[in-house]
Amino acid sequence: MIAKLEITRNYINGDWQEAKTRETMTSVNPATGEIVGESQKSGLEDIKLAIKLAKAAFHTSDWRSNSSRRSDALMQWAYKLKENREEIARILTTENGKPIKESRIELDACIDTLKYFAGMARSIFGRSINLSTTSYGIIDKEPIGVVGIISPWNWPAMLMIREVAPALAAGNAVVLKPASRTPLISTAIVKLIEENSDFPPGIVNIVSGPGKVIGDEMTTNPDVNAISFTGDTTTGKNLMKKAAEKVKKLALELGGKSPNIIFPDANLNKAIQAVAKSAFITAGQMCFAGSRVIVHESIHEEVVEGLRKQAEKLKVGNGLIETTDMGPVISEEQLNKILEYCEIGRRDAKLITGGNRLTGGDYDKGYYIEPTIFDQVPIESRIAQEEIFGPVLAIQVFRDEKEAISLANGTIFGLAAGVWTKDVNRAVRIAKKVEAGTVWINTYNKNYPQAEFGGYKESGIGRTRGIEGLMEYTETKHINIEIEE
Ligand code: NAD
């Protein structure tokens, strides 16, 4: 059985529990403004208990040493999610607003990630080294202990599983803090393991509640050995300061302002479609949304016109309707923030399309905004510099490669970039010079559990996915052996 959109509880030490505060939080469907469920508004007592029991489970069960158990547990979770994919996809769309077809893609990515790390659980290799004729070293990889995982609301299923799967594969116990806007979906996915006896009680825990209370305690509690945080750069910076008190190991996946650089020899049809998709996916509420286009002056008009057509043909509506291309944004607050950026855009640049709240009929109930494009955006404008987290695309023009790179690297962020050209030399040259953790060439938004992802500059610290993503959740120990001759 999986969670219905009712009142979800915390999962602590294998038990579903109400918060000691006796308070709940409501989840709202951004498409309709309706309350669709409640979750626990936990307090300090709840999170402290979860951490204490996670620590006990880590030390008393065989989880940390039994890699085949971990592998089986993760694989079963993957299959259970596959079995319940459609029902969970509906919960995801209802709580987050994204189109149902995107929810299915998100869940497929979760299933793939769980399967990959189920395999990797058996492949946590260290090294051995001859140090002298009588000395031998084993460089061992060990789990860290209790890992606190704090996730955002925009891809709430994937961004939780992306961290939970490697943390568990490496032998850690986890305490999850879902985003306050999307606890129902996170809890529904955790609920899938309640009958999975390969997970010892206390190895996976989820506690919902306010970031400032629950997240703060996770960051400062000495029994949490590492924090994985995915969210806004400002929240990440504050968390870093707090974590410094206990010299806590941190992995940070933060914001972005990613550019697509388009050269005249690119396959323009393909580029325009992919670039528009990258800007408007999840209504632009995506860390690596392609929120900037840097286009060569000779194809500028053609690209602007192509992007305008793509934006205007998107069907914006309730995500539960199969044909919807773009859903609402997450909240009224987020909508107003995006509209403020549109005002800045009107002052600093040239509006090509959109820029307004969608109103009338069902639009009045939810938080809908038009896909928006601004052209001739100066690099110093706030709409070129700041992460809007909405469907707003900023276009900039370049004359030569040097200028394209300077514009691409001209923000505090460095999460991802796209390069569009048929010239392989140029593509690689640009890819090497762009300061970003991922560079896609003639494509965008392709992610794989086995390929590392993460940020340069203020987009983050550490890597998620792949072998490096797994190693983020390990400690390294040198065991030195003196051999008697
Ligand atoms: P957010 O920073 O507001 O919240 C993220 C999480 O942190 C939530 O669970 C929140 O409750 C918690 N939190 C809030 N205050 C906290 C505190 N003081 N201590 C500890 N935890 C606290 O971010 P959001 O609005 O949920 O998500 C959007 C942001 O996430 C965007 O900036 C986006 O770019 C970023 N993001 C990054 C990636 C990536 O992989 N780099 C992926 C998705 C989203």
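The values are calculated or read from the model by the stated rules, or taken from the named source; none is laboratory data. Predicted model, so just to flag it, every value in this text is computed and none were measured. Here the Cβ is made from the backbone with ideal geometry for all residues, glycine too, and neighbour counts use every protein chain on show. Remember, those area values only see protein heavy atoms, side chains included, never the ligands or the DNA or RNA. Shrake-Rupley method; radii C 1.70, N 1.55, O 1.52, S 1.80 Å.
At-a-glance table
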read-out	value
Nearest-20 debye value, the stretch 259-448 charge dipole, Cβ charges on Lys, Arg, Asp, Glu	480 debye
Spatial separation of Cα centroids for the stretch 430-466 and the stretch 51-115, in angstrom	24 Å
Rounded if a/c under 1.5, otherwise prolate or oblate - the stretch 259-448, Cα gyration tensor axes	prolate
FRET E, pair Glu468, Lys212, Förster distance 25 Å, beta-carbon r, rounded to 0.05	0.25
C-alpha long axis of helix 424-433 to longest principal axis of the chain, angle in °	60 degrees
All aspartates and glutamates inside 18 Å of Lys337 as judged from Cα atoms, apart from same-chain residues fewer than 8 positions distant	Asp232, Asp348, Asp364, Glu370, Glu386, Glu387
Within the chain, helix-based [θ] at 222 nm, where runs of 4 or more DSSP H residues each add -39,500 (n - 2.57), nearest 500	-11500 deg cm²/dmol
Sparse-neighbourhood loop sites, trypsin sites (Lys or Arg not before Pro) in the stretch 396-456 - DSSP loop, at most 12 other Cβ within 10 angstrom	Arg399, Lys422, Lys446
Long pairs among Lys48/Lys115; Lys55/Lys457; Lys80/Lys191, criterion Cα-Cα beyond 22 Å	Lys48/Lys115; Lys55/Lys457
Aspartates and glutamates with Cα under 15 Å of Lys248, excluding same-chain neighbours fewer than 8 positions away	Asp216, Glu217, Asp223, Glu472, Glu475
Angle between the chain longest axis and helix 85-96 axis [Cα atoms, degrees, rounded to 10]	60 degrees
Zone of Ile481's modelled label, taken as backbone nitrogen in the stretch 117-159 under 18 Å from a point 7 Å along Cα→Cβ	125-142
Rel. contact order, % - alpha carbon contacts under 8 angstrom, at least six apart, the chain	18 percent
Extension gain, Glu18 back to Ser298 (0.36 nm per residue minus Cα-Cα distance, nm)	94.6 nm
Förster radius 41 Å - calculated FRET efficiency between Lys237 and Lys277, Cβ distance, rounded to 0.05	0.85
Positive-end residue of Ile321, Asn442, Leu307, charge dipole of the stretch 259-448 with Cβ unit charges	Asn442
Check: the chain dipole with +1 on Lys, Arg Cβ and -1 on Asp, Glu Cβ, in debye	280 debye
Simple label model, 7 Å out from Cα along Cβ direction - Glu333 to Lys433, nm	4.2 nm
Pair Ile461, Leu44: separation of 7 Å Cα→Cβ label points (nm)	2.5 nm
Those trypsin sites (Lys or Arg not before Pro) in the stretch 1-109 that DSSP places in a loop and that have at most 12 other beta carbons within 10 Å	Lys4, Arg22
Theoretical gain in end-to-end length, Ala451 to Arg382 [0.36 nm per residue, Cα-Cα removed]	21.7 nm
In nm, spacing of pseudo-spin labels at Lys350 and Ala244 (7 Å Cα→C-beta vector)	4.6 nm
Residues listed by number, the stretch 297-326, amide nitrogen under 20 Å from Asn269 label point at 7 Å toward C-beta	299-314
Solvent-accessible area per residue for the chain (1.4 angstrom probe, square angstrom)	40 Å²
The stretch 298-361: trypsin sites (Lys or Arg not before Pro) in DSSP loop, at most 13 other beta carbons within 10 Å	Lys315
Residue pairs, from the table Lys277/Lys422; Lys277/Lys350; Lys52/Lys246; Lys82/Lys257; Lys20/Lys212; Lys315/Lys365, whose Cα atoms sit over 25 Å apart	Lys82/Lys257
